[in-house]
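Undergrad: Below you will find the structure I want to go over with you.
The values are calculated or read from the model by the stated rules, or taken from the named source; none is laboratory data. Computed from a predicted model, the values in this text were never measured in an experiment. Cβ sites come from the backbone with ideal geometry, for glycine too, and all protein chains shown count toward neighbours.
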Amino acid sequence: MATDRSFNPLEMAQRQFDTVADDLQLDDGARQLLRTPMREYHFNIPVRMDDGRVEVLRGFRVQHNDARGPCKGGVRFHPQETADTVRALAMWMTWKCAVADIPLGGGKGGVICDPHNLSSREQEQVCRGWVRQVARDVGPNRDVPAPDVMTNGQHMLWMLDEYETIHGERLPGMITGKPVGMGGSQGRTQATGYGVVYTLREALKELGIRPQDTTASVQGFGNVAQYAIELYRQIGGTTLCVSCWDQRDQTSYAFRKADGIDLEELRSITDRFGGIEREKARDLGYEVLDGDQWLDQDVDILIPSALENQINASNVERISPKVKIIAEGANGPTTPDADTVLKERGVFMIPDFLANAGGVTCSYFEQVQSNMNYFWDAGEVLGKLDQQMTAAYLAVSELAQHGGLYMRDAAYVLAIKRVVTACRDRGWI
Ligand code: NAD
């Protein structure tokens with residue numbers, strides 16, 4: 001979600017699509033079909049509050065395209081949610097599932113609310129109310145929701161329970177992000193961060209660089225960042241710097257150690273929101289740097305894994321000439337202006353919707369396991385994830401090399417081509 005409210009994510013998503021549509025010389029029918037969602041549902045959710053009042057919340061589900069398979073995408077609870085944000089995110093999910101080559105389309109949902117101001121019972125009512133409005137329009141073979149901003153596994157279980165009560169049968173493949181033991185998949189916690197490193201490992205191989213000769217700087221120290229750092233270390237890399245947001249000071253800090261950070265040590269002084277305790281880090285010998293200095297470190301690899309719009313026109317020039325690869329763990333961490341500069345500089349970009357597709361790929365595995373009611377161990381899940389991510393990376397990089405394209409452009413071309421082909425094969429366009 002953009003922090004600047006004047007920024008319209010749908011316009012940005014449509015601009016990106018138009019550029020690729022021009023390159024691919026798509027006809028009008030294909031453009032019209034893919035520029036906007038196929039279906040969307042907007043509805044009221046009446047919620048009985050703890051004090052007896054009824055509050056009416058606004059909810060959405062957007063199904064952008066399901067030519068390649070059932071729609072897939074999270075449900076966000078956010079006080080500033082807008083229909084256009086949900087539409088844009090649904091479109092990006094279509095491209096992400098297509099680039100990862102999983103048989104799913106793109107969807108997204110949301111409710112305008114702030115869960116911080118809702119009791120647990122009230123949140124349960126929101127979840128059940130949301131499902132009552134879309135119970136005929138989502139499902140294992142139609143559209144499969146998942147957790148997203150400010151929603152979690154408990155919310156998913158309440159939604160599943162309401163859905164199964166309405167339909168009168170157990171249908172655990174209707175939703176993903178369920179807790180392990182209640183239909184969730186092993187490996188989901190690691191999936192996004194590990195996925196980033198599976199693609200990074202392949203990029204290093206292609207560029208002829210040994211991982212053990214590389215260093216990295218990482219923005220963020222949450223779920224994606226920590227597991228990316230873990231696997232990067234396992235393949236031999238050294239992370240010199242990480243950063244986080246300090247809730248009390250409302251600013252960010254970076255933590256640096258010349259011979260590499262110690263992941264377990266830093267994890268032990270990190271809260272559940274990914275915030276690192278500064279005093280304790282200093283005691284452990286870390287240099288604590290103000291602001292976004294994770295960005296100007298003399299490293300080979302940058303892994304932005306915190307938020308959108310972090311590498312932008314105002315700071316892109318600070319990136320060291322030593323940086324060869326950027327692997328985007330976060331969604332939209334690089335603005336289009338900064339991206340142009342990086343492209344001209346010849347930085348090797350592993351774009352967000354390829355690099356962080358490990359999350360949705362593992363959600364797809366959860367859906368498959370739930371549908372067949374047979375669950376795999378973590379080794380099997382991560383092995384399959386590696387295979388899928390590696391294949392996705394290689395398809396994009398082959399297109400980039402043959403077509404002389406920047407990796408982000410190649411990923412868009414590949415994704416949009418796959419979706420257009422599915423629409424054509426079905427006879428829609
Ligand atoms: P998280 O909440 O677990 O961690 C976020 C981290 O970023 C925290 O360490 C926080 O302190 C840090 N942070 C926030 N603002 C910062 C700033 N200005 N400077 C430095 N650090 C800052 O979140 P996450 O699940 O790791 O997700 C991170 C990004 O990855 C988001 O863009 C998310 O949309 C994207 N993503 C996540 C997944 C997933 O499976 N978790 C999948 C795909 C994409």
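Undergrad: Going through region 331-352 one residue at a time, which ones are more than 24 Å from Ala100 (Cβ to Cβ), away from the ligand (no atom under 16 Å from the Cβ) and not acidic (Asp, Glu)?
TA: The answer is Thr340, Val341, Arg345, Gly346.
Undergrad: Being under 19 Å from Arg418 (Cα atoms), under 22 Å from the mean Cα position of the chain (by Cα), in a helix (DSSP H, G or I) and within 16 Å of the ligand (Cβ to nearest atom), is that true of even one residue in region 363-374?
TA: The answer is yes, given that some residue of region 363-374 is under 19 Å from Arg418 (Cα atoms), under 22 Å from the mean Cα position of the chain (by Cα), in a helix (DSSP H, G or I) and within 16 Å of the ligand (Cβ to nearest atom).
Undergrad: Could you tell me whether region 130-137 includes any residue that is touching a His at 6+ places or on another chain (Cβ under 9 Å), at pLDDT 95 or above and closer than 27 Å to Lys384 by Cβ?
TA: No.
Undergrad: May I ask you to verify whether Ala395 is assigned to a helix (DSSP H, G or I), more than 14 Å from the ligand (Cβ to nearest atom), farther than 25 Å from Val144 by Cα and outside the structural domain of Leu207 (by TED's automatic domain parsing)?
TA: The answer is yes for Ala395.
Undergrad: If the Cβ limit is 6 Å and pairs must be 6+ apart or interchain, which residue in region 170-198 that is closer than 15 Å to Val224 by Cα pairs with which residue that is at pLDDT below 95 and away from the ligand (no atom under 13 Å from the Cβ)?
TA: Pairs found: none.
Undergrad: Hey, another quick one. Check Glu206, Glu230 and return the single one that is of a type outside the set (Ser, Thr, Tyr), over 19 Å from the mean Cα position of the chain (by Cα) and in a helix (DSSP H, G or I).
TA: Of Glu206, Glu230, the one residue that is of a type outside the set (Ser, Thr, Tyr), over 19 Å from the mean Cα position of the chain (by Cα) and in a helix (DSSP H, G or I) is Glu206.
Okay, residues lined up against (1) within 16 Å of the ligand (Cβ to nearest atom); (2) under 30 Å from Gln219 (Cα atoms); (3) small (Gly, Ala, Ser); (4) surrounded by fewer than 23 Cβ atoms within 10 Å (Cβ to Cβ):
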{"residue": "Trp130", "(1), (2), (3), (4)": "no, no, no, no"}
{"residue": "Gly139", "(1), (2), (3), (4)": "no, no, yes, yes"}
{"residue": "Pro145", "(1), (2), (3), (4)": "yes, yes, no, no"}
{"residue": "Val149", "(1), (2), (3), (4)": "yes, yes, no, yes"}
{"residue": "Leu157", "(1), (2), (3), (4)": "no, no, no, yes"}
{"residue": "Asp161", "(1), (2), (3), (4)": "no, no, no, yes"}
{"residue": "Gly183", "(1), (2), (3), (4)": "no, no, yes, no"}
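Undergrad: Within region 209-227, which residues are buried (at least 23 other Cβ atoms within 10 Å of the Cβ) and in a strand (DSSP E or B)?
TA: Residues satisfying the conditions are Ala216, Ser217, Val218, Gln219.
Undergrad: Right, next: Going through region 138-180 one residue at a time, which ones are on the phi > 0 side of the Ramachandran plot, part of a loop (DSSP other than H, G, I, E, B) and modelled with pLDDT of 95 or more?
TA: Gly168, Gly177
Condition check ((1) more than 19 Å from the chain's Cα centre (by Cα); (2) assigned to a loop (DSSP other than H, G, I, E, B)) across all residues:
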residue	(1), (2)
Phe7	yes, yes
Phe17	no, no
Ala21	yes, no
Gln25	yes, yes
Arg31	yes, no
Asp50	yes, yes
Glu55	yes, no
Ala67	yes, yes
Gly74	no, no
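Undergrad: Moving on to the next point. Identify the single condition in (1) of a type outside the set (Val, Ile, Thr); (2) buried (at least 24 other Cβ atoms within 10 Å of the Cβ); (3) away from the ligand (no atom under 16 Å from the Cβ) that Trp428 does not satisfy, given that it satisfies every other one.
TA: In the conditions (1) of a type outside the set (Val, Ile, Thr); (2) buried (at least 24 other Cβ atoms within 10 Å of the Cβ); (3) away from the ligand (no atom under 16 Å from the Cβ), Trp428 misses (2) alone.
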